[in-house]
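Novice: Pasting in a structure now, in structure tokens, and then I'll have a few things to ask.
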Amino acid sequence: MTRIELPMPPSVNVMYSNARKSRIKSPAYRTWLQEAGLLLNTQHPKPISGAVEVYIVLVAQSKHRQDADNRVKAVLDLLTTHKIIEDDSSDYVKDLRVRWMDSGPACVVTISSISKENAA
């Protein structure tokens with residue numbers, strides 16, 4: 001099992017900007033990727049190969065309504081980019097859970113390997 005603390009991931013609604021005929025990473029998303037990547041590297045998480053289950057715990061930073069599912073993409077993309085998990089597709093992420101908590105670190109990610117028998 002691997003446990004990682006991260007800054008609050010950006011909402012998917014602000015991750016990208018339109019530029020001419022393409023979409024580019026927004027400045028806020030690029031900043032988060034840099035900060036989260038540095039924090040991730042200081043924790044020295046061990047990569048997990050094969051099928052995994054991912055459990056994400058978020059702590060709301062404000063009283064405004066927030067959608068947890070809008071925060072998941074940034075986390076899974078970060079884990080894939082840093083090779084903590086092989087891929088974030090359904091071939092690898094077999095179980096994904098997200099939960100809001102009242103206090104604690106902004107974002108805690110727990111990744112566990114799933115045996116081949118349990119991955120089907």
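The values are calculated or read from the model by the stated rules, or taken from the named source; none is laboratory data. Note that the structure is a prediction, hence the values are computed from the model and not measured. For neighbour counting, all protein chains shown are included, and Cβ atoms are generated from backbone atoms with ideal geometry for every residue, glycine included. Surface areas here come from the heavy atoms of the whole protein model, side chains and all, with no ligands, DNA or RNA. Shrake-Rupley method; radii C 1.70, N 1.55, O 1.52, S 1.80 Å.
Novice: Pull out the extension gain between ARG30 and THR80, defined as 0.36 nm times the separation in residues minus the alpha carbon to alpha carbon distance; nm, one decimal.
Specialist: That pair, ARG30 and THR80, stretches by 16.4 nm at full extension.
Novice: Mark the label point 7 Å from the Cα of ASP69 along Cα→Cβ and return the residues of region 80-99 whose backbone N is within less than 15 Å of it.
Specialist: 96-99
Novice: Counting DSSP beta bridges in the chain, what percent are antiparallel, to the nearest 5?
Specialist: Values: 16 of 25 bridges.
Around 65 percent of the beta bridges assigned by DSSP in the chain are antiparallel ones.
Novice: Please work out the average accessible area per residue across region 32-120, using the 1.4 Å probe convention, and give it in Å².
Specialist: 61 Å²
Novice: Would you check the chain for Lys pairs whose C-alpha atoms are within less than 26 Å, ignoring same-chain pairs closer than 8 in sequence, and give me the count?
Specialist: Lysine pairs satisfying the spacing and distance rule in the chain number 14.
Novice: Let me ask something additional. Would you work out what percent of the accessible area of the chain, with all protein chains in place, is carbon or sulfur (probe 1.4 Å)?
Specialist: The computed percentage sits at 49.
Novice: Give the calculated FRET efficiency between THR42 and MET101 to the nearest 0.05, with a Förster radius of 22 Å applied to their Cβ-Cβ distance.
Specialist: Values: r = 23 Å, r/R0 = 1.03.
Step by step, r from the Cβ atoms, then E = 0.45.
Novice: Another question, if that's okay. Need the full-extension length gain, VAL14 to VAL59, defined as separation in residues times 0.36 nm minus the C-alpha distance. One decimal, nm.
Specialist: 14.4 nm
Novice: Only helical DSSP H runs with n ≥ 4 go in: add -39500 (n - 2.57) per run for the chain, normalise by residue count and round the 222 nm mean residue ellipticity to 500 deg cm²/dmol.
Specialist: Estimated from H runs of four or more residues: -8500 deg cm²/dmol.
Novice: Still on this structure, please answer the following. Under a no-solvent Debye model with one identical scatterer per Cα of region 1-78, what's log10 I(q)/I(0) at q = 0.11, 0.18, 0.19, 0.22 Å⁻¹?
Specialist: The Cα Debye sum returns log10 ratios of -0.34, -0.84, -0.92, -1.13.
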